1. Taking segment 54-65 only, how many residues are touching an Asp or Glu at 6+ places or on another chain (Cβ under 8 Å) and not small (Gly, Ala, Ser)?
2. Quick one: in segment 7-48, of everything that is open to solvent by less than 100 Å² (accessible area, probe 1.4 Å), among the hydroxyl-bearing types (Ser, Thr, Tyr) and out of contact with any His (no Cβ under 8 Å at 6 or more places or on another chain), which residue is farthest from Gln65 (Cα to Cα)?
Amino acid sequence: MKPVTIHHPGTPVTAQPPDRLVALADGLSDPQVTQCGITATADGRWALYVTVPADTTVPIASIEQRAEGFPVVYEAALHGPVRAGPAYPGRNP
């Protein structure tokens, strides 16, 4: 399976993520992971969020094991930097 192109998080069921999940996200390091953080699944559960190259096969066993039972959301990393454009195109400042 390939990572999702765009993750659409749901509304978290609690106001703050569990401390254990925060610690996991802060300490996660893996050669296949571009970025790591915290998100909510579509049904509102707190989850570990990782971006990986678009051609990576997921789930990644080592990440799943380190997630300690928390869901893991894999999103495909962008191929290049995000292009920023003017806030109001065609409008003179």
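The values are calculated or read from the model by the stated rules, or taken from the named source; none is laboratory data. Please read all numbers here as calculations on a predicted model, not as lab measurements. We place every Cβ from the backbone using ideal geometry, glycine too, and count neighbours over all the protein chains shown. Surface areas here come from the heavy atoms of the whole protein model, side chains and all, with no ligands, DNA or RNA. Shrake-Rupley method; radii C 1.70, N 1.55, O 1.52, S 1.80 Å.
1. Selection size over segment 54-65: 2.
2. My answer is Thr14.
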